[in-house]
1. Scan the range A:72-97 for residues that are near DNA strand D (Cβ under 9 Å from one of its atoms) and in contact (Cβ under 8 Å) with a residue 24 or more places away in the chain and jot them down.
2. Out of the range B:158-212, which residues are more than 10 Å from every other protein chain (Cβ to nearest Cβ), crowded, with 16+ Cβ neighbours inside 10 Å and farther than 29 Å from A:TYR121 by Cα?
3. For the range A:97-117, name all the residues that are of a type in the set (Gly, Ala, Ser), part of a helix (DSSP H, G or I) and either closer than 21 Å to A:THR176 by Cα or within 16 Å of DNA strand C (Cβ to nearest atom) (or both).
4. Which residues, taken from the range A:159-172, are out of contact with any strand residue (DSSP E or B) (no Cβ under 9 Å at 6 or more places or on another chain) and closer than 16 Å to A:ARG147 by Cα?
5. Test B:SER25 against the criterion of being farther than 30 Å from B:PHE203 by Cβ and either surrounded by fewer than 20 Cβ atoms within 10 Å (Cβ to Cβ) or among the hydrophobic types (A, V, I, L, M, F, W, C) (or both), and give yes or no.
6. Within the range A:47-62, can you find the residues that are in a helix (DSSP H, G or I), more than 8 Å from DNA strand D (Cβ to nearest atom) and either in contact (Cβ under 8 Å) with a residue 24 or more places away in the chain or surrounded by fewer than 19 Cβ atoms within 10 Å (Cβ to Cβ) (or both)?
7. For residues that are at pLDDT below 95 and of a type in the set (Gly, Ala, Ser), tally how many sit in the range A:92-112.
8. Tell me, yes or no, whether the range A:118-125 has at least one residue that is β-branched (Val, Ile, Thr), assigned to a helix (DSSP H, G or I), within 11 Å of chain B (Cβ to nearest Cβ) and under 24 Å from B:GLU42 (Cα atoms).
Number of protein chains: 2
Amino acid sequence: MARADEAQPASAALKSRPRGSYAKSAVTRSAILDAALEVFAEGGFRSGSLREVAMRVGMSDAGLLHHFSSKSKLLAAVLDRRDELGQQFVPLEPDDGAEVLRGLIALARFNASEPGVVELYSTLSAEATSPDHPAHEYFVGRYQMVRARVGAAFVDLEDRGLLRPHVSPAFATRATIAMMDGLQVQWLLDRSSVDMQADLRTFLDGLTTVEL
Amino acid sequence: MARADEAQPASAALKSRPRGSYAKSAVTRSAILDAALEVFAEGGFRSGSLREVAMRVGMSDAGLLHHFSSKSKLLAAVLDRRDELGQQFVPLEPDDGAEVLRGLIALARFNASEPGVVELYSTLSAEATSPDHPAHEYFVGRYQMVRARVGAAFVDLEDRGLLRPHVSPAFATRATIAMMDGLQVQWLLDRSSVDMQADLRTFLDGLTTVEL
DNA sequence: GTCTATACATCGATAGAC
DNA sequence: GTCTATCGATGTATAGAC
């Protein structure tokens, strides 16, 4: 899970670098990011403290700030790393729109196995509504990207006559994203009574005629 | 909009109480609640400060605490007051389920005119996911109540054969609530491109055959 | 790379004067 | 009913020893 943030390929670097000081740093950074995700997920960015993150990873807050120079930088790093993992579910250049929808369902299943990540995004996306929030731009851009990708998928399905009557691509896009976000909130408040994956599939079944 | 929180009927008290000191208090409390709603909406409960609330209403933080003995009490008062306003849209004992759905649409339109309230609930419901949040119990109970009311409406419609094929009342309930919550987040991030009322109506049209 | 020590702001809340 | 003054806790961030 360690990342090669120091801009050297992990495999090659392990041999050539002196006494593995960079390797240690990378491991530490990764541990910090894990802890930070937990802390920001539990209380949001504003109420989560650097001290709490540092404590969980077993160092002082000053030590933590050696790796991430500010709290906002730390948040950005957490979001970046989760995006790498999450984006692999939705294909960037799908052969047909149905693949994207299947990717969303797979993403919902994956999310159900990582409550911390869901908590992070639900809390932050609400918190980051304020324009002065350090993650505001990130979330605005993220929604644009998601809307573009899902939108293209529904347009493709419409072209091929696979949307049910009276379903427009634009509405289907907004509604699908809203459904995923809304199900997450309910799931967080009562995990046992909400199956995000199943409900999303049922919902998409009502919009299209493709096999999911 | 003043509330009779001092446990005296407002009308009777106005005559008998000496020199209207209580009336002043009620006005002040109301002003505080307005400011608190704004502050909590912008940054959530944890990052919104009593000082900020006090500043907006033009007094010191100590002065504010004379009216609301703690920050949590203030939050509870804010939520109570908004509930009084919001709950009037969804009938408590509807003649038929369609009335409830029409109430939800009316509520969505009303919400679109009060961004602060939407921001408050979106931010808080995510923040209050944590069990130790002072509003956690409130939101758990609120979702139970909403689910019960909306659920009863869809059961009624099913009994009368007004649900579309393959739509179960339980799914329709979860999905409708998710749709409302999810649309709010998108609307907050980009108000001009989302019409909560229209999208909700379109969505409900896909679930039932009643005239909305 | 991590620590201690420290600076400095802001928070919720209390005590007591007016 | 509102104020000033103050407390103790907690927050981010910096400087410099090790």
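The values are calculated or read from the model by the stated rules, or taken from the named source; none is laboratory data. Here the structure is a predicted model, which means the values were calculated and not measured. Counting neighbours? That spans all protein chains shown, and the Cβs are built from the backbone with ideal geometry, glycine included.
1. A:SER72, A:LEU74
2. Selection gives B:GLU158, B:LEU162, B:LEU163, B:THR208, B:VAL210.
3. A:GLY97, A:ALA98, A:GLY103, A:ALA106, A:ALA108, A:ALA112
4. Correct list: A:SER168, A:ALA170, A:PHE171.
5. Yes; evaluated as a whole, the condition is true for this residue.
6. Correct list: A:MET55, A:ARG56, A:VAL57.
7. So the answer is 0.
8. yes
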